[in-house]
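Novice: Sharing a structure, written as structure tokens. Questions coming.
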Amino acid sequence: MTPETADRPQMDVEDFDELVRRAPREIRNRLEFLGGRLCIRHGPLDVDEFEELAAVAPETVRLEYINGKVEVKAMPDGNHTSIFMWLLRQCMQHRPDLDLAPERGVKAEAYRKGRARTDGFLAPVDHFKGDREWSDPDGSLMAVEITSRDRDTNQRDRIDKPIGYAEAEIPVYLLIDRDNHTLTVFSEPKDGRYQQISPHPWGATVELPAPVNITLDTEKLKDYAD
């Protein structure tokens, strides 16, 4: 993470003001914006309060609930979107029986107490039919995260989410890391941890294990290095 990234605010002050304006009355006065970060006064929100807040957040503010804390996920830039579309095309080619849903909310962590916004969530076609904002992980095959240029990427994508997705027993977690140009495949969740962790450089041929069973040719990712 560069010094510029470390100093970057989670959100614009205008977005924070709009979030406060929309927030339920009992939550509104607990929101603060300190040092470029969204903070909660008087103790953390519980998961139900978080869902109330997330439901009214403006489109430019993507909220997650990780380890009992409200987090702001960065909006995707052009290279982030291009990487997702590259992965979508690969999944459609190899597994037309599956949907890779973009920016899908999922109930993660132990006892489904976390709320994560995946960059991609792989599941059988029509698996998400009828779901509201947050889907149960049961029956899903893979969660995908693509790192963003924000101060929280390291903690969120490399540390917290492997734990949260493993605790939810999502079979595979694919982390596409733009900082070190790697793909890391996490698989075999057991006792809240992935037992297998396999990093690969961009350009390698990457085997996504069962139940995904897709082989990725990652040479194209080099075009999105920044």
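The values are calculated or read from the model by the stated rules, or taken from the named source; none is laboratory data. Values in this document were obtained by computation on a predicted structure and should not be read as measured data. As a convention, Cβ positions derive from the backbone with ideal geometry for all residues, glycine included, and neighbour counts pool all protein chains shown. Please note that ligands, DNA and RNA were not included when accessible areas were found on the heavy atoms of the full protein model with its side chains. Shrake-Rupley method; radii C 1.70, N 1.55, O 1.52, S 1.80 Å.
Novice: If you build the convex hull over the alpha carbons only and average its shadow over all orientations, what do you get for the stretch 79-138? Give it in nm² to one decimal.
Specialist: 4.4 nm²
Novice: In the full protein assembly as shown, how much of residue 92 is accessible to a 1.4 Å probe, in Å² to the nearest 10?
Specialist: Roll a 1.4 Å probe over it and residue 92 shows about 120 Å².
Novice: Keeping all protein chains in place, calculate the accessible area per residue for the stretch 59-178 (probe 1.4 angstrom), answer in Å².
Specialist: Per-residue accessible area for the stretch 59-178 comes out at 40 Å².
Novice: Same structure again: Which order do 59, 14, 219 take when ranked by solvent-accessible area (1.4 Å probe, heavy atoms of all protein chains), largest first?
Specialist: Ranked from most to least accessible, the order is 59, 14, 219.
Novice: Tell me the Kirkwood radius of the chain: reciprocal of the mean inverse pair distance over distinct alpha-carbon atoms, in Å.
Specialist: Final number for the Kirkwood radius of the chain is 18.1 Å.
Novice: First compute the accessible area of the stretch 22-82 with a 1.4 Å probe, then give the percent of it belonging to carbon and sulfur atoms.
Specialist: 47 percent
Novice: Here's another thing I want to ask about it. So which lysines pass the test for residue 113, namely a Cα distance under 16 Å, with those fewer than 8 places away in the same chain ruled out?
Specialist: Leaving aside lysines fewer than 8 places away in the same chain, those within reach of residue 113 are 69, 161.
Novice: How big is the dipole moment of the chain about its Cα centre under a simple scheme where the beta carbon of each Lys and Arg is +1, that of each Asp and Glu is -1, and everything else is neutral? Debye, nearest 20, please.
Specialist: 200 debye
Novice: For residue 133 paired with residue 59, estimate the spin-label separation in nm (one decimal), with each label point 7 Å from Cα along the Cα-to-Cβ line.
Specialist: A separation of 1.6 nm, rounded to one decimal place.
Novice: Oh, and also: Considering only protein heavy atoms, what is the solvent-accessible area of residue 91 at a probe of 1.4 Å, reported in Å² to the nearest 10?
Specialist: 10 Å²
Novice: Pairs of Cα atoms under 8 Å, at least six residues apart: use those to get the relative contact order of the stretch 77-202, whole percent.
Specialist: 19 percent
Novice: Working out 0.36 nm times the residue gap between residue 81 and residue 12, then minus their Cα-Cα distance, what length gain in nm do you get to one decimal?
Specialist: Extra length available between residue 81 and residue 12 comes to 22.8 nm.
Novice: Translational D (Stokes-Einstein, µm²/s) of the stretch 1-118 at 20 °C and 1.002 mPa s when Rh comes from the Kirkwood sum over C-alpha pairs?
Specialist: Once the numbers are plugged in, D ends up at 134 µm²/s.
Novice: Can you tell me the 0 to 90 degree angle between the C-alpha axis of helix 78-94 and the longest principal axis of the chain, rounded to 10?
Specialist: Tilt relative to the chain: about 40 degrees.
Novice: Nearest 20 debye, what's the magnitude of the dipole of the stretch 55-183 about its Cα centre given +1 on Lys and Arg Cβ and -1 on Asp and Glu Cβ?
Specialist: 160 debye
Novice: Remind me, relative contact order of the chain in percent, using alpha carbon pairs under 8 angstrom and six or more residues apart?
Specialist: Over the chain, the number comes to 14 percent.
Novice: When the solvent-accessible surface of protein heavy atoms is calculated with a 1.4 angstrom probe, in what order do 33, 186 fall, highest first?
Specialist: 33, 186
Novice: Another question, then. What distance in nm separates the simple spin-label points at residue 181 and residue 111, each placed 7 Å from Cα in the Cβ direction?
Specialist: It works out to 4.5 nm between the two label points.
Novice: Any idea what the relative contact order of the stretch 1-120 is, in percent, if you count C-alpha pairs under 8 Å spaced at least 6 apart?
Specialist: 20 percent
Novice: Post the alpha-carbon centroid distance, the stretch 107-140 to the stretch 157-186, in whole angstrom.
Specialist: Between the Cα centre of the stretch 107-140 and that of the stretch 157-186, the gap is 15 Å.
Novice: At a probe radius of 1.4 Å, what is the per-residue accessible area of residue 200, in Å² to the nearest 10?
Specialist: For residue 200, the solvent-accessible surface is approximately 50 Å².
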